[in-house]
Amino acid sequence: MIHSIFFDIDGTLVSFRTHAIPPSAVRSLKECQARGIRIFLCTGRPRILVQDFTLPQFGNLHFDGLIAQNGCYCATGDGQVIHQSVIDPRDIQALVSYLKDHDPFPVSLMTSEKVYINRIDQKVKDLAAFLGVDLPEVRPLETVREAVMQVNIYCDEAMEKKMMQTVFTQCESSRWHPHFADVTPAGNSKRTGIEKILHHYGLERKGTMAFGDGGNDVSMLQYVEVSVAMGNADDPQVLGAASHIAPPVDDDGIARFLNSFFLHL
């Protein structure tokens, strides 16, 4: 019996086309909660980019908890923070030094309250438009004094590998878009975020379900009992990690899968 469902946001719960949760998914999630099933957001977004889920365009859903920044931030639905993890300041210092000594490229730092970026190019603009979010604040990275929970590096996979070996020695990376990679403190992932939530609520892994579509969803899809990849997912690792494939988000994928699996609306 399913007791908890974890949802990635972009490309899973929220359409890249409309930047909103399809009405069919809103109805299904409300029905899940009416049946006593907890629903959680599990995203690579920072917390500050999830606050808009109180708006009507997101169905006025009230989630039972939030896993943000790929497991670095976990909180209950009423805002109680149950886990936070930050990047070792030495890695941030190494990043600043690296960018001074090499041709700089866009890098953003995510704190608990803000997102800063060193420069904005067309890739950054395209990604913001793709997600339907505002551009980050431009600021020299060496002036950021707050603790950093996640870094986004706008580079290809070869550069990502080099950066992880030489700069982010206390971190790990994941990628759900060809333009950039998420860098988080080692030992944090969507899977570990789910573990923190389950431990807080005294829940077992058995009875968990998750929906995802990107590379940073692989860890949670491999962990939960019932794992669902969206039909719009094109990463072989994502599809291979899932026990089920739902229709694409824009084809009412969430609702259609939940209805066929157990809601039967």
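Table for the structure above
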{"read-out": "Residue within the range 244-253 that is under 23 Å from ASP182 (Cβ atoms), among the small types (Gly, Ala, Ser) and buried (at least 17 other Cβ atoms within 10 Å of the Cβ) present", "value": "no"}
{"read-out": "Lone qualifier among ASN232, ASN259, ASN216 - being under 30 Å from ASP101 (Cα atoms), assigned by TED's automatic domain parsing to the domain that holds VAL26 and in contact (Cβ under 8 Å) with a residue 40 or more places away in the chain", "value": "ASN216"}
{"read-out": "Subset of the range 177-193 that is of a type in the set (Gly, Ala, Ser) and within 13 Å of the chain's Cα centre (by Cα) - its residue that is surrounded by the most Cβ atoms within 10 Å (Cβ to Cβ)", "value": "GLY193"}
{"read-out": "Breaking point among (1) under 17 Å from the mean Cα position of the chain (by Cα); (2) farther than 17 Å from THR192 by Cα; (3) buried (at least 19 other Cβ atoms within 10 Å of the Cβ), for ILE67", "value": "(2)"}
{"read-out": "Neighbours by Cβ (under 8 Å, 6+ apart or cross-chain): first from the range 80-105, free of Cβ contacts under 8 Å to residues at least 40 places away in the same chain; second of a type in the set (Ser, Thr, Tyr)", "value": "VAL81/TYR73"}
{"read-out": "From the options HIS199, HIS264, residue that is without any contact (Cβ under 8 Å) to a residue 40 or more places away in the chain and closer than 16 Å to PHE6 by Cα", "value": "HIS199"}
{"read-out": "Residue selected from the range 151-176 under the condition of a type in the set (Val, Ile, Thr) and more than 23 Å from GLY11 (Cβ to Cβ), by the criterion surrounded by the most Cβ atoms within 10 Å (Cβ to Cβ)", "value": "VAL167"}
{"read-out": "Subset of the range 169-220 [among the hydrophobic types (A, V, I, L, M, F, W, C) and farther than 14 Å from VAL151 by Cβ]", "value": "TRP176, ILE194, ILE197, LEU198, LEU203, MET209, ALA210, PHE211, VAL218, MET220"}
{"read-out": "Exclusive hit being in contact with a strand residue (DSSP E or B) (Cβ under 7 Å, 6 or more places away or on another chain) and of a type in the set (Gly, Ala, Ser), set ALA129, ALA75", "value": "ALA75"}
{"read-out": "Residues (under 18 Å from ARG45 (Cβ atoms), modelled with pLDDT of 95 or more and either buried (at least 24 other Cβ atoms within 10 Å of the Cβ) or hydrophobic (A, V, I, L, M, F, W, C) (or both)) located in the range 194-218", "value": "ILE194, ILE197, ALA210, PHE211, GLY212, ASP213, ASP217, VAL218"}
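The values are calculated or read from the model by the stated rules, or taken from the named source; none is laboratory data. Just so it is clear, the structure is predicted and the values come from calculations on it, not from any experiment. Glycine also receives a Cβ, built like all others from the backbone with ideal geometry; neighbour counts cover every protein chain displayed.
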